[in-house]
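The values are calculated or read from the model by the stated rules, or taken from the named source; none is laboratory data. These numbers were taken from a predicted model, which means no experiment stands behind them. Reconstructed Cβ throughout: ideal geometry from the backbone, glycine too, with neighbour counts over all protein chains shown. Surface areas here come from the heavy atoms of the whole protein model, side chains and all, with no ligands, DNA or RNA. Shrake-Rupley method; radii C 1.70, N 1.55, O 1.52, S 1.80 Å.
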Amino acid sequence: MASKTPSAVRGTLDVLPKDSYKWQYVERVLMETASLFGFSEIRVPVFENTDLFQRSVGDTTDVVNKEMYTFEDKGGRSITLRPEGTAGTVRSFLEHGLYNEALPVKACYVLSCYRYEKPQAGRLREFHQFGVECFGAPSPVADAEVIAIPYLAFERLGIKNIQLKLNSIGCPECRAKYLEALREFFSSKKDELCETCNERLIKNPMRILDCKSPVCSKIAEDAPKMLDFLCDDCKEHFETLKSLLDAQNIPYVIDPTIVRGLDYYTRTVFEFVSTDIGSQGTVCGGGRYDGLVSQMGGPYTPSLGFAMGLERLIMVMESQGCEFEPDEPIGIYIAPMGQAASVKALKLCFDLRQEGFSAITDTVGRGLKAQMKYADKIGAKFVLVLGDDELEKGVASLKNMKNGEQTEFDLNNGVQSFYDAFMASAYAEMENSVEKGI
Ligand code: ATP
Ligand code: MG
């Protein structure tokens, strides 16, 4: 080889053609689940003006302080690759005046995110999130529905052992008293806290509860709990939410240490955590952000959402042996022998494709034996061998690869011939599964 082959940027992953069915299946189930709750897809840009993230995600967070991919474009603007989906969605909600529409506005997405983190299992620099945002829904019924989306999605994907952790971090009023209490508590343990937590103590002491260092999290165990500081309204919201989760038979545990990594949350915060994939076990996190839309210059719009890490989700599914619905198998492989047959095969394939059947022919110049091997490898349901003889007679033999049955194939009426064989085989398979009681 002449020169060194290129390699991927650290912390990024490829999804290869042989594995993409897993991603497509997972994304399909997730988006379909969201649509059962009335959510529709939103697509926002990969990059935004940097200050969007500074203002929304918050400049006391790790995401903004340490992890953003920020660069100057050729016009001298500061641009950032999105580290999450909420900020862009809120911007779009405002920019397009969606607050004038019938509320709530319900948006869902699958998008790539970029964070400059130390790559390890379940932690990448480019990763993917499925998420929803629900704008203009103050009722705890909205919280109970938004939490039910990942719960139902996990159920539909066959995922087990995933725990819902729930907390309330109150509103700015009741939280102010709590922050005071936290500051007092952590000030006496200042010397033991990590350097970052000493900064957090000044800027936003609640962040200390989210610290990954074992020393800090041990100290945090005895810290005052936000739940003891909730005002009456926040308390009522939380109690109602719990009863609405009970009503849907969605189990949860209250975890006062859940504060979430982003600044904009109010009241409800939650995470779905798996114990099957090691320390990066938080598959999904979300909560209410009642103040964010107005903080970004819009009308007061109580809102909420969540984001789910797809790499982590797929890791959990693989570790639990969950099944991924495979791609539809290839309908037919047409094996030509000779120049004229090759032209006929190409034409037949195209006719079939026009009718929505997948059809493959030789593009390599393989001999018949090698073609049969290849047809088997790609899992073609039917194989048709075309030689001069067949062309002359206008008839070939169509082989069902599953049961070996051969049927006559009329080359002058190829689409109809294939349709008949395809339907007959689909019908036989259906009868078979009814007999087996599947
Ligand atoms: P963590 O505490 O693990 O760093 P986070 O609080 O930063 O997570 P969020 O910003 O809430 O994560 O993002 C929602 C979800 O996105 C996470 O629960 C996780 O599944 C996924 N996620 C976040 N960062 C990464 C990453 N660097 N690589 C892969 N997935 C990630
Ligand atoms: Mg993080």
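Descriptive notes on the structure:
- Tilt relative to the chain, helix 414-435 - C-alpha long axis, 0 to 90 degrees, to 10: 60 degrees
- Entry note: the stretch 332-425 has Rg to Rh equal to 0.91, where both radii use alpha-carbon atoms and Rh is the Kirkwood radius.
- Once all protein chains are placed together, D210 keeps about 50 Å² accessible to a 1.4 angstrom probe.
- Signed unit charges on C-beta, dipole axis of the chain, positive-most listed residue P329, S187, F127: S187
- Segments 9-16, 153-160 sorted - mean Cβ within 10 Å per residue, highest first: 153-160, 9-16
- Highest-fluctuation residue, G365, G287, G321 considered, GNM on the chain with Cα pairs under 10 Å: G365
- When you restrict to C-alpha pairs under 8 Å that are six or more residues apart and normalise by the size of the chain, the relative contact order lands at 15 percent.
- Spin-label zone in the stretch 415-430 - amide nitrogen under 16 Å from a point set 7 Å from the Cα of E355 along the C-beta vector: 415-427
- Summary of packing: across the peptides 324-333, 42-51, the per-residue average of other C-beta atoms within 10 Å ranks them, highest first, as 324-333, 42-51.
- Apportionment of accessible area to carbon and sulfur, the chain, percent (1.4 Å): 51 percent
- Antiparallel %, DSSP beta bridges [both residues in the stretch 332-425], to 5: 50 percent
- Dipole magnitude of the chain, debye to nearest 20 (Cβ charges: Lys/Arg +1, Asp/Glu -1, about Cα centre): 1180 debye
- When the Cα positions of I42, F93, L81 are compared along the charge dipole of the chain, L81 comes out farthest toward the positive end, with charges on each C-beta of Lys, Arg, Asp and Glu.
- When only alpha carbons are used to place a centre, the stretch 255-316 and the stretch 72-99 end up 19 Å from one another.
- Checking every one of the trypsin sites (Lys or Arg not before Pro) in the stretch 198-288 against DSSP loop status and a limit of 16 other Cβ atoms within 10 Å picks out K212, K225.
- DSSP beta bridges fully contained in the chain are about 80 percent antiparallel.
- Comparing Cα centroids, the stretch 107-170 and the stretch 342-400 end up 45 angstrom apart.
- Rounded Å value of the spacing that divides the Cα centres of the stretch 1-41 and the stretch 323-339: 23 Å
- The per residue volume of the convex hull around the alpha-carbon atoms of the chain is 214 Å³.
- Ranked by how many other beta carbons lie within 10 Å on average, peptides 392-403, 425-436, 308-319 from highest: 308-319, 392-403, 425-436
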